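Have a look at the structure below before the remarks.
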Amino acid sequence: MLIVVLVGLALAVVRTVAGAPGLGWYLLTWALFAVAVWLARREPDRRLAVLVVAGGVVMATAGLSAQPSSSTDSFRYAWDGRVQAAGVSPYDHPPADPALAGLRDGWLFPSECAARDRWPLPDGGCTRINRPTVPTIYPPVAQGYFLLVHWLSPDGARHKVLQLGGWVMAVAVLLALCGWNVRTAAYWAWCPAVPVEAVNNAHVDMLAVLLVVLAMRAGRGRGALLGAAVAAKLLPVVTLPGALSGVLANGADRRRIVRTLVPAALVVVLAYLPYVLLSRAPVVGYLPGYLQEERYGSPADGHRYALVRLVLPDSWAPYAAIALLALVALFVLRHGDPDRPWRGALIVTGSLLLLLTPGYSWYALPVVALAAMDGRWEWLGVALAGGVAYVAGPMASTSPATAFYLAAALAVPAGWAVRRRARASHATHPQTHGTHPQTQATHPQTHRTHPQTQATQPQAHATGPPSHETGPPTHETGPPTHETRLPSHETGAALPRPGDRGPGAHDAGARR
């Protein structure tokens, strides 16, 4: 049954990217994705591993089946790469500048201007590049990627090399997550946002996601990798509190702060330096104009801060969002698990999107990857809400985006409650799961009357598989470690890791 659902999901993705974006098809892909994740609970590990990897590759490949379908950002990427190859800073001139007329071609500047997604030029004609009268907004690491793609693109390749780059990075993240936890890697492998936004629309956010995932897996070099991610798309700056999870738990750990933030800042500075030296215009590009265009400063006539504005006046919303995000970051810095930095990064990044309610679905790609790392399925609603906001129209007065963002916000405490109930069930009925040594401590007679059970099956208590009967997978994910369980010298059972506590502790029987 799972294979049938995955085939239907891949076909639905192909149809979604084949034409103009439609909300019905987009919601269908997400419904099939939810069914696939639910059915995966019953699959044996080895079979599921094949389905996750093969299904993820097929899903990513489905994004290659058509030209960019719902975003024109990749045309700007191609133009920025072309401009740099000509020795010009992309921050100095907008695409409409006549000084760059010699770099125009029939692909990015077509003669037919009546088709969809054509932007008029001040001097006549049109272009596929959005906002052609303003300079680029993309940071330097992204610019380096655009230049690399330009160099690697043969004549006439157009958008295809950018899409292939997205495919390579999406599959690389998939393989990294499978090495982490193959069950929760399904959240990334089968999520419709990956083939649509990372591959088909070739968003550079995929580069930032790859760098964030590598940073969270890294022991050394985490700060430098996060700095590179920030210099690729800026948004990953909110993952830095996650990298510093628990740094304020017992007073400020200054050494850890320096070890993380200094390399990150150094990478950002070094990435910007060549463009600062070569550009005559500010290297922030169109960023200030973009923030104003998206109404982040004056949300009254837009859909930003939609959830905050449900309870507070419009004029208060930006300040309230900043204050709430600061509190979330402070919580992670004081109470986050330093052994699970990806969890803190997920909480802060997901909270940011819930507070800002952006109308662009690809902004949530880091949330999908971090949710797969941490096994927190409840955060995937953030990506769905962003997709609905974009496909329905970010500025449409009848957009259902606010309702979906509200549902996504409510899903987070609901997921916590489901996970807490699962832990309570493990604690109340430990004999069902075979992972709680308390049974041996409180009912020793059970083991005295059945000594053969202990002698012939010593591993039942130490390595029992995680239960999949309480809802979507609730595994706490992370790389294998030998420090998470201490052996009991009396029974061979696994003792809980010291310090496991509350909703932040890892689930019983789950893998790190």
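Observations on the structure shown:
- Computing FRET efficiency as 1/(1 + (r/R0)^6) for Ala114 and Ala85, where r is the C-beta to C-beta distance and R0 is 30 Å, gives about 0.45.
- Rounded, prolate or oblate (a/c below 1.5 giving rounded, otherwise prolate when a/b exceeds b/c) for segment 154-213 by Cα gyration tensor: prolate
- For segment 73-152, alpha-carbon Rg relative to the globular expectation (2.2 N^0.38 Å, N residues): 1.02
- Each peptide in 130-142, 232-244 receives the mean, over its residues, of other Cβ atoms within 10 Å, and ordering these scores from highest gives 232-244, 130-142.
- Shape call, segment 316-398: gyration tensor on alpha carbons, a/c limit 1.5: oblate
- Stretch gain in nm, segment Ala407-Gln292, where the contour uses 0.36 nm per residue and the Cα spacing is subtracted: 38.7 nm
- Set the Cα radius of gyration of segment 222-290 against 2.2 N^0.38 Å, with N its number of residues, and you get 1.30.
- Amide proton proximity set for Cys126, modelled H, under 5 Å, gap of 5+: Leu121
- Where labels lie 7 Å past Cα in the beta-carbon direction, separation of Val168 and Leu148 in nm: 0.7
- Between the amide H of Ala249 and any residue lying 5 or more places away or on another chain, no distance stays under 5 Å, with hydrogens modeled in the peptide plane.
- For the pair Val7 and Ala252 in one chain, pulling the backbone fully straight at 0.36 nm per residue adds 83.1 nm over the alpha carbon distance.
- Full-extension gain in nm, Ala49 to Ala218, via 0.36 nm per residue minus C-alpha separation: 58.5 nm
- Segment 317-331 - phi-based ³J(HN,Hα) in whole Hz, Karplus 6.51/-1.76/1.60, Gly and Pro as x: 4, x, 6, 5, 5, 4, 5, 5, 5, 5, 5, 4, 4, 5, 4
- Residue ranges 336-346, 276-286 sort as 336-346, 276-286 when ordered by packing (mean number of other C-beta atoms within 10 Å per residue, highest first).
- In segment 73-152, a dipole from Cβ-located charges (positive for Lys and Arg, negative for Asp and Glu) runs towards its positive end, and of Leu103, Ala115, Ala142 it is Ala115 whose Cα lies farthest in that direction.
Where a number appears in this text, it was derived from the coordinates with a stated rule and is not lab data. Given the structure is predicted, the values throughout are model-derived calculations rather than measurements. So basically every Cβ, Gly included, is an ideal-geometry build from the backbone, and we count neighbours across all protein chains shown.
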